[in-house]
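Structure first, commentary second.
The values are calculated or read from the model by the stated rules, or taken from the named source; none is laboratory data. Since the model is a prediction, treat every value here as computed from it, not as a measurement. Reconstructed Cβ throughout: ideal geometry from the backbone, glycine too, with neighbour counts over all protein chains shown.
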Amino acid sequence: MGGVKTVQAVINLASGSVQPGAAEEAQAIFDRYPVEAQVCASTVGDLEACLQAALAKSPDLLVVLAGDGTARRAAELCGPEGPLLAPLAGGTMNMLPHAIYGARPWQEALEEILAQGVERPLAGGRIGEHLFLVAAILGAPALWAPAREAIREGRAGVALQRARTAWRRAFSRRLRYVIGEGERAKGEAVIFMCPTASRALADEAQALEAAGLDLHGAREAFRLGLRAAMGDWRDDPAVDLGLCRQARVWAAHGIPALLDGESVELGALAEIEFVPHVARILAPRDEPAGAEGDVARSALNPDAE
């Protein structure tokens, strides 16, 4: 962790998995290392102000304990020339923290990077004004997100109704797409994974991994879901793989999408581009398991959590 002397930490107390006392716990961890650290515990409505105030102090490292949306915003604010960023798992899905640090408690990840963290580049992708740092899932799988959210909220009846709606629409809204310089193709969904999330790409890879899914009914969807659970989904004949720095996806109507696990309704045409250097992250010295399994299960298995 050479060069990190000053740290600003922003903790979202209203986030999905942040427990009371997290600010004090983080400060106690910082106090065990030779850094000067300040912690801002954000309440509802002042998260942006906390981020802006933290970056105004020009720290060597910005630590964020919050959800994926806040981590993405922090990466945008830090930029490639700003302070190092450590986005810790404090949300519901935690796709970016899991991709960087593995699926483990934020306290363990913070201890490790303060002791022996290394700088790594964080690449991503962009669809119009929307940035994603882990994965973008366009098409039918995104329709399941409202049902999953209702399940998390304990609204079983609403979840069932939304699941039925998603199932009816799943095979009726096919996409057309062109990945890189490839041929025009069609399918139910297209997945774009950033280097941080994909086991097939190194962190410094200058491309997105793209996978088009051409499914013909529930039986193929079920088969692909099983393959995703077993980790060999790339070998399925319904998957069209490629690497790209840009791509185009279009449909007759608006395109449902999940960007780092968050639902977004895109227009009828989506233009995807690779962003090679969004920010610099303080990462573990050893590569974690990553979030690819989370991405694959979300895209290929409607029952995945």
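Hey, could you check region 6-29 for residues that are of a type outside the set (Gly, Ala, Ser) and surrounded by fewer than 13 Cβ atoms within 10 Å (Cβ to Cβ) and say which is nearest to residue 66 (Cα to Cα)?
19
Cβ-Cβ distances below 9 Å connect the following pairs, each with a first residue in region 12-32 that is closer than 15 Å to residue 87 by Cα, a second residue that is hydroxyl-bearing (Ser, Thr, Tyr) and in a helix (DSSP H, G or I), and a separation of six or more residues or different chains: 12/70; 15/70.
Residue selection: residue 125 satisfies the criterion of being surrounded by 24 or more Cβ atoms within 10 Å (Cβ to Cβ) and not in a helix (DSSP H, G or I).
Scanning region 116-136 for residues that are β-branched (Val, Ile, Thr) and over 15 Å from the mean Cα position of the chain (by Cα) yields a single hit, 118.
Only one residue in 37, 53, 103, 71 is part of a helix (DSSP H, G or I), out of contact with any Leu (no Cβ under 6 Å at 6 or more places or on another chain) and either buried (at least 22 other Cβ atoms within 10 Å of the Cβ) or of a type in the set (A, V, I, L, M, F, W, C) (or both), so which one is that? Exactly one residue qualifies, and that residue is 53. One residue stands out among those in region 160-184 that are modelled with pLDDT under 90 and among the aliphatic types (A, V, I, L, M): the one that is nearest to residue 266 (Cα to Cα), which is 175. Of all the numbered requirements in (1) in contact (Cβ under 8 Å) with a residue 24 or more places away in the chain; (2) assigned to a helix (DSSP H, G or I); (3) of a type in the set (Gly, Ala, Ser), residue 82 misses one, and that requirement is (2).
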